[in-house]
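Report on the following structure.
The values are calculated or read from the model by the stated rules, or taken from the named source; none is laboratory data. Note that this is a predicted model, so its numbers are computed, not measured. Because the Cβ atoms are built from the backbone with ideal geometry, glycine has one as well, and the counts that use them run over all protein chains shown. The accessibility values were calculated without ligands, DNA or RNA, using every heavy atom of the protein model including side chains. Shrake-Rupley method; radii C 1.70, N 1.55, O 1.52, S 1.80 Å.
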Amino acid sequence: GVYVCAKCGYELFSSRAKYEHSSPWPAFTETIHEDSVAKRKERPGAYKVSCGKCGNGLGHEFLNDGPKRGQSRF
């Protein structure tokens with residue numbers, strides 16, 4: 001399946017990029033499109049993430065916190 005922005009419907013993440021994480025929120029390793037999300041550095045190792053089309057807030061990207069070494073977690 002495809003996860004889309006709740007506000008505008010833009011494609012954000014694929015269920016193929018979803019994985020189990022200890023957080024209560026869905027976790028993904030990558031976006032569908034290069035411009036699916038916009039990022040703003042919030043602190044070292046974390047970006048505030050919003051929809052790349054409409055700017056709706058989505059959460060965070062945590063660098064080097066994915067299932068494999070060097071992967072991000074959205």
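General observations
- Partners for K39 among lysines (Cα-Cα distance below 16 Å; same-chain residues under 8 apart left out): K48, K53
- Residues with amide H under 5 Å from that of H60, placed H, sequence gap 5 or more: V49
- Percent carbon-and-sulfur accessible area, segment 2-62, ignoring ligands, DNA and RNA, probe 1.4 Å: 48
- Translational diffusion of segment 27-74 was estimated from the Stokes-Einstein equation, with Rh taken as the Kirkwood radius over Cα pairs; at 4 °C and 1.567 mPa s the coefficient is 120 µm²/s.
- Charge dipole magnitude, Cβ of K and R +1, D and E -1 - segment 2-62, Cα centre, debye nearest 20: 220
- Considering segment 2-62 at the alpha-carbon level, its Rg and Dmax are found to be 11.2, 30 Å.
- Excluding ligands, DNA and RNA, the accessible surface per residue across the chain is 68 Å² with a 1.4 Å probe.
- Relative contact order computed over the chain (Cα-Cα under 8 Å; 6+ residues apart), in percent: 23
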